[in-house]
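Contents: one structure, followed by commentary.
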Amino acid sequence: MTLFSIAGKNIRKNFTNYFLYFASMIFSIVIYFTFVSLKYDNSIQSASDSSPKISSAFSGAAVVLIIFVAIFIWYSNSFFTRKRKKEVGLYSLLGVRKKQIGRMLFYENFLMGVLALIVGIALGSVLSRFFVMILMKAMGYDAITNFSISLAAIVNTFIVFMIITLITSFQGYRLIYRFKLIELFHADQLREKEPKASWLIALLSLVLVGIGYWLALQNLANSKAWATLGLMVTPLVILVTVILGTYLLFNTLTVTMLKLSRRNKKRYWKGLNIIGTSQLLYRIKGNARTLTIIAVLSATTLTAVGTAYSLYYSNRSSVSLVNPNSLMFISTNSKITSQADTIIQHSKEHDVLYHTTLELLEMDADTSGLDQISQSDEQTFTLLSNRDFNRLAKQQGRGEALSLHADEAAALDPIYIKGMSPEYVGSSITLSGNGDQEKITFKDLKKYSVLNQGTVYSTIVVSDDLFAKLESKAKTMTLEAYGITHQDKAQSLTKELEGILPEKAGFSSFYRDYASGMESSGLLIFMGGFLGLVFLAATGSIIYFKQLTEANSDKARYLILYKIGVKKREIRKTVAKQVMFIFALPLIAGIAHCAVALSALSRLMQTSLVIPVVICMGIYTCIYLIYYFVTVNAYYKIVTNVK
Amino acid sequence: MKTILQAINVNKTFGTKGNIYTALQHINLSIEEGEFVGIMGPSGAGKSTLLNIFSTIDTPTSGEITIDGQNIVTMNEEKLSDFRRNKLGFIFQDYNLLDTLTVKENILLPLALSKVPAAEIEVRVNEIADMFGIRPILDKYPYHISGGQKQRAAASRAIVANPSLILADEPTGALDSKSATSLLESLSTLNESNRSTIMMVTHDAYAASYCKRVIFINDGQLFKELHKQDLTRKEFFQQILEVLSSLGGGHHDAV
């Protein structure tokens with residue numbers, strides 16, 4: 001029997017232990033392979049208008065993935081090696097040299113790595129086509145391109161994972177040399193001592209998380225804390241306090257809470273509560289670091305995917321906020337304008353809902369009266385008459401009209417953020433044109449515009465009288481605005497108009513922004529989603545094999561319980577409770593962190609993220625639950641396998 | 001007098017066709033309430049198998065076993081668990097205390113499992129701790145106390161729920177002679193004053209001499225039975241040694 005064949009046999013015998021690890025490794029290889037394939041593939045890039053972006057995005061995602069996977073494999077390997085201390089000790093005792101044992105472990109890791117790599121690439125070749133389809137769908141393309149697997153992607157994946165496998169396998173080899181024979185035999189016999197917990201540190205954990213949350217939820221514009229710490233340092237402070245707080249929370253607060261719960265004799269001395277609570281008390285501290293990493297990863301993943309998904313989800317509403325008209329351009333030349341009008345009116349796919357020609361003014365203004373944050377006092381505005389505003393607002397289906405007199409004005413600010421944008425109402429600015437000055441006072445503020453932001457400057461509505469007065473002093477222009485049906489599918493129409501309208505026309509179309517929004521947010525979801533899944537699979541499998549190790553060392557305890565008359569059903573119940581505790585802690589912490597991060601973000605983005613984020617959290621929790629049930633089952637099987 | 005344990009023609013075989021090993025053969029045995037019975041025999045005689053079957057964690061191949069009026073052979077898994085919890089108390093050679101629980105919590109475990117009210121648990125645990133003289137160590141963890149103390153804690157746990165039958169498996173096996181004597185005296189007192197029924201498996205003649213009756217097993221069969229009656233413990237010990245030497249096992253290892 002050669003060392004190599006023993007290594008092979010060990011893998012086969014230990015397969016149940018390795019299964020989830022193996023599966024997550026294969027999964028990460030599949031995802032990496034897909035990312036790399038997309039990087040090399042040019043069929044998507046040809047379909048997209050923003051091609052170089054996609055390639056570099058996937059390169060970045062692949063790097064993030066590979067760093068994570070390397071850490072995951074490294075951790076799992078040293079974990080497995082440590083777990084087999086006793087076996088290594090036995091080999092040593094039998095006179096096998098450390099060099100040979102090390103070689104055997106090296107072969108084992110290496111074999112597994114190569115096996116996972118082969119399966120991963122094979123699966124990846126099949127699945128990447130399917131993943132690309134998902135990506136195309138997410139980015140809003142109907143057409144399925146002739147995506148093909150490139151040799152470059154295979155070679156890239158193979159080399160990268162081979163290096164990781166080699167390094168981590170060598171790490172296992174090295175670990176053997178650090179073991180001492182006597183330690184190897186006492187490895188499992190180390191007495192577990194009741195962990196100590198300090199109230200002070202428990203309190204500190206809550207304070208730290210509290211500070212992090214409080215800082216994150218401050219209003220950026222007027223928070224004193226942000227102002228003193230600075231915009232760069234504060235996020236770092238939030239990160240450190242929350243992560244440290246989470247760790248202490250798992251490390252100390254849980255122990256304190258469990259100890260406290262023991263005081264209530266009525267509950268604690270009832271059925272198996274006594275077992276469950278004491279088991280958890282002994283185990284939770286050793287798990288604190290893993291749980292913290294999982295909580296932080298969960299929070300990051302959920303926040304990233306939640307953000308991408310909410311961008312995707314709110315794409316239509318945010319694009320229509322910026323582009324209230326389906327199409328809009330400045331009339332630079334009557335011939336081109338009528339040519340464009342013919343194209344739009346005769347379009348087969350679209351009916352024209354309305355067409356309006358507007359007169360606008362462009363004027364500079366002194367805005368020192370607006371108390372803006374860090375902006376120059378000179379700004380160019382587009383002026384719209386009260387009459388035209390009311391007409392267009394009615395055509396766009398808004399049930400609002402303005403009635404302004406004399407020097408009254410209304411600001412149209414679709415990206416208004418309370419606290420950050422200027423307080424318009426009540427303040428005055430001075431318009432200047434041809435040496436004349438005209439002071440206007442804001443009477444009203446609308447948190448939308450009737451004009452497309454891509455074509456005009458910040459827009460102010462002025463009274464009809466004032467508009468007439470200013471017309472002679474300012475630069476005038478004529479604007480064409482259209483509302484059409486199926487504006488989100490106007491690809492060919494947009495292309496055609498782009499072809500004839502000059503740069504100066506400032507052509508803006510709902511479709512153009514909508515499509516690019518779909519493209520970038522779809523791409524983000526795809527990458528974020530798959531990265532998240534890899535994180536989830538890896539962290540899930542880490543909890544899984546940590547729990548199984550504990551199950552193996554708890555076997556004797558459950559045997560005692562069984563002998564003194566505890567039913568298997570009850571054992572299952574207490575196992576389910578304990579494992580639930582371990583799984584729920586990082587999930588709850590992760591979701592809480594994510595909720596805070598996203599509510600800070602949603603304030604910044606001015607949109608409600610509740611629905612997309614709840615969907616993300618739901619999916620995440622569901623996958624997590626599957627891991628939970630698999631773990632409970634395996635745990636239960638180990639501890640009840642007495643005969 | 002009430003019969004606590006009644007075994008009729010119990011057989012136990014291991015293995016499959018062609019390679020059958022008979023561990024127990026035609027075992028007929030009855031234990032009355034208030035008895036202190038020792039089971040002796042050389043290694044491999046079937047002592048542990050018999051104990052496991054009486055403990056309901058193993059099943060006989062054939063035969064009838066009634067404990068406290070209930071037939072344990074026909075019971076299902078669930079009922080057996082309840083049965084073990086309510087009717088049997090166990091003392092093991094390696095104590096089998098849970099190291100994550102204090103001595104007190106270990107002792108009250110059977111009561112907690114049966115959902116006895118906390119106030120009642122408190123009273124009962126103190127009562128028993130006094131009986132075994134372990135009150136001062138109630139709040140200690142198993143790894144802080146000596147082997148003798150551990151075994152007394154385990155014995156306390158065995159009787160805390162007032163079981164019909166206490167099964168002891170080599171309880172002195174891991175103890176030094178002083179702790180062993182102290183434990184055996186405690187069990188003896190328990191048997192005399194509480195009228196607890198105890199069945200103890202041992203290969204130590206000294207431990208067996210504390211029993212009122214000793215049953216010898218050899219090669220899976222009942223071999224001989226000794227009654228203490230009016231003998232002193234020393235005389236009984238000599239009798240046990242004589243039987244053991246006739247068994248040929250040469251069990252002169254403890255005096």
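Would you be so kind as to identify which of A:Thr290, A:Leu353, A:Val319 lies farthest towards the positive end of the dipole of the stretch A:274-405, taking Lys and Arg as +1 and Asp and Glu as -1 on Cβ and the Cα centre as origin? Value: A:Thr290. Between the beta carbons of B:Thr66 and B:Gln25, assuming R0 = 22 Å, the FRET efficiency works out to 0.65 to the nearest 0.05. Remark: the stretch A:403-416, residue by residue, has Karplus-estimated 3J(HN,Hα) of 9, 10, 10, 6, 8, 6, 9, 10, 8, 10, 10, x, 10, 5 Hz, where x stands for each Gly or Pro and the curve is 6.51 cos²θ - 1.76 cosθ + 1.60 at θ = phi - 60°. Scaled to the globular estimate 2.2 N^0.38 Å, the Cα spread of the stretch B:162-255, given as radius of gyration, is 1.06. Would you please give the FRET efficiency between A:Arg129 and A:Ala23, computed as 1/(1 + (r/R0)^6) with r the Cβ-Cβ distance and R0 = 25 Å, to the nearest 0.05? After rounding, the FRET efficiency stands at 0.75.
Where does each of A:382-394, A:91-103, A:205-217 land if you order them by average Cβ count within 10 Å, highest first?
Ranking, from highest mean packing down: A:382-394, A:205-217, A:91-103.
Straight-line cross-link reach from B:Lys228 at under 26 Å between alpha-carbon atoms covers these lysines, not counting any fewer than eight positions away in the same chain: B:Lys2, B:Lys47, B:Lys178, B:Lys212.
Sequence-ordered 3J(HN,Hα) estimates for the stretch B:195-211 from the Karplus curve with 6.51, -1.76 and 1.60 and θ = phi - 60° stand at 6, 6, 8, 10, 10, 10, 8, 7, 10, 9, 4, 4, 5, 5, 5, 7, 7 Hz, glycine and proline given as x. Here the translational diffusion coefficient of the stretch A:409-506 follows from Stokes-Einstein with Rh set to the Kirkwood radius across Cα pairs; for 4 °C and 1.567 mPa s it amounts to 80 µm²/s.
What is the Cα centroid distance between the stretch A:274-334 and the stretch A:617-631, reported in whole angstrom? First find each Cα centre; the distance between them is then 18 Å. In this structure, the pairs whose alpha-carbon distance is over 19 Å, taken from A:Lys573/A:Lys637; A:Lys13/A:Lys180; A:Lys266/A:Lys563; A:Lys259/A:Lys285; A:Lys196/B:Lys140; A:Lys85/A:Lys180, are A:Lys13/A:Lys180; A:Lys266/A:Lys563. Based on C-alpha pairs under 8 angstrom that are at least 6 apart in sequence, chain A has a relative contact order of 18 percent. Under 26 Å of direct C-alpha separation, and excluding same-chain neighbours fewer than eight residues apart, A:Lys137 reaches these lysines: A:Lys39, A:Lys53, A:Lys348, A:Lys489, A:Lys495.
Peptide B:98-109 has a mean of 5 when you count, residue by residue, the C-beta atoms of other protein chains within 10 Å of its C-beta. The modelled label-to-label distance between A:Arg97 and A:Ser223, using points 7 Å beyond Cα along the C-beta direction, is 6.2 nm.
The gain in end-to-end length when the A:Leu244 to A:Lys469 segment is fully stretched comes to 74.6 nm, 0.36 nm per residue minus the alpha carbon separation. With contacts taken as Cα pairs under 8 Å at a separation of at least 6 residues, the stretch A:389-544 carries a relative contact order of 21 percent. Here is the size of the protein assembly as shown from its Cα atoms: Rg then Dmax, 40.0, 134 Å.
Peptides A:457-463, A:304-310, B:233-239 ranked from most to least packed, by the mean per-residue count of other Cβ atoms within 10 Å: A:304-310, A:457-463, B:233-239. Return the whole-Å distance between the Cα centroid of the stretch B:141-201 and the Cα centroid of the stretch B:1-42. So the separation of the two Cα centres works out to 23 Å.
Close amide-amide hydrogen proximity is noted between A:Ser458 and A:Thr382, each under 5 Å apart and 5 or more residues distant or on a separate chain (H modeled in the peptide plane; Pro and chain starts excluded).
The residues of the protein assembly as shown have, on average, 46 Å² of accessible surface per residue, using a 1.4 Å probe with all protein chains present. Using the Cα gyration tensor of the stretch B:3-247, with a ≥ b ≥ c the square roots of its eigenvalues, what is the shape: rounded (a/c below 1.5), prolate (a/b larger than b/c) or oblate (neither)? Note, shape of the stretch B:3-247 comes out oblate.
The modelled label-to-label distance between A:Ile201 and A:Arg569, using points 7 Å beyond Cα along the C-beta direction, is 4.1 nm. Scalar couplings 3J(HN,Hα) for the stretch B:175-188, obtained by applying the Karplus form with A = 6.51, B = -1.76, C = 1.60 to θ = phi - 60°, are 9, 6, 5, 5, 5, 4, 4, 4, 5, 5, 5, 4, 5, 4 Hz; x denotes Gly and Pro. The overall shape of the stretch B:1-96 is rounded: from the C-alpha gyration tensor, with semi-axes ordered a ≥ b ≥ c, the ratio a/c is less than 1.5. Modelled spin-label separation between B:Asp94 and A:Glu400, with each label point placed 7 Å from Cα along the Cα-to-Cβ direction: 7.8 nm.
Inter-chain neighbour count for A:561-573: the average number of beta-carbon atoms from partner chains within 10 Å of each residue's beta-carbon is 6. Residues whose amide H falls under 5 Å from that of B:Phe36, counting only those 5 or more places apart or on a different chain, are B:Ile198, B:Lys212, B:Arg213, with hydrogens built in the peptide plane.
Extents of the stretch A:352-484, largest first, come to 42, 35, 26 Å (Cα atoms, principal axes, whole angstrom). Rounded to the nearest 10 degrees, what's the angle between the helix A:610-640 long axis and the longest principal axis of chain A, both from Cα atoms, 0 to 90? That helix lies at roughly 10 degrees to the long axis.
Before we go on, tell me the buried accessible area for the A/B pair, both chains summed, 1.4 Å probe, in Å² to the nearest 100.
Using a 1.4 Å probe on protein heavy atoms, the buried area is about 2900 Å².
Distant-in-sequence amide contacts of A:Ser427, defined by a placed amide H-H separation under 5 Å and a gap of 5 or more residues or a different chain, comprise A:Phe442. Taking the three principal axes of the alpha carbon atoms in the stretch B:61-126, the coordinate ranges are 41, 28, 18 Å, sorted in descending order. Beyond 24 Å, the tail of the calculated P(r) for the stretch A:189-334 holds 57 percent of the Cα pairs.
Quick one: in the stretch A:202-257, what % of C-alpha pairs are over 13 Å apart?
It works out to 57 percent of all Cα pairs.
The alpha-carbon of A:Lys394 sits under 20 angstrom from the alpha-carbons of these aspartates and glutamates, leaving out residues fewer than 8 places away in its chain: A:Asp351, A:Glu359, A:Asp413, A:Asp444, A:Asp464, A:Glu480. Here the stretch B:220-247 and the stretch A:469-506 have alpha carbon centers that stand 114 Å from each other.
From helices alone, the protein assembly as shown scores -19500 deg cm²/dmol at 222 nm; the rule is -39500 (n - 2.57) for each run of n ≥ 4 DSSP H residues, then divide by the residue total. For chain A, which whole-number percentage of the solvent-accessible area (1.4 Å probe, protein heavy atoms only) is attributable to carbon and sulfur atoms? Here carbon and sulfur together make up 63 percent of the probe-accessible area. For the stretch B:3-247, averaging the sequence separation of C-alpha pairs within contact (under 8 Å, six or more residues apart) and dividing by the residue count gives a relative contact order of 28 percent. Averaged over the residues of A:268-279, the number of partner chain Cβ atoms lying within 10 Å of the residue Cβ comes to 5. Compared with the direct C-alpha span, the chain from A:Val119 to A:His486 gains 127.6 nm at full extension, assuming 0.36 nm per residue.
The values are calculated or read from the model by the stated rules, or taken from the named source; none is laboratory data. Computed from a predicted structure; not experimentally measured. When we count neighbours, we look across all protein chains shown, and the Cβ atoms used for this are built from the backbone with ideal geometry, even at glycine. With ligands, DNA and RNA removed, areas are computed over all heavy atoms of the protein, side chains included. Shrake-Rupley method; radii C 1.70, N 1.55, O 1.52, S 1.80 Å.
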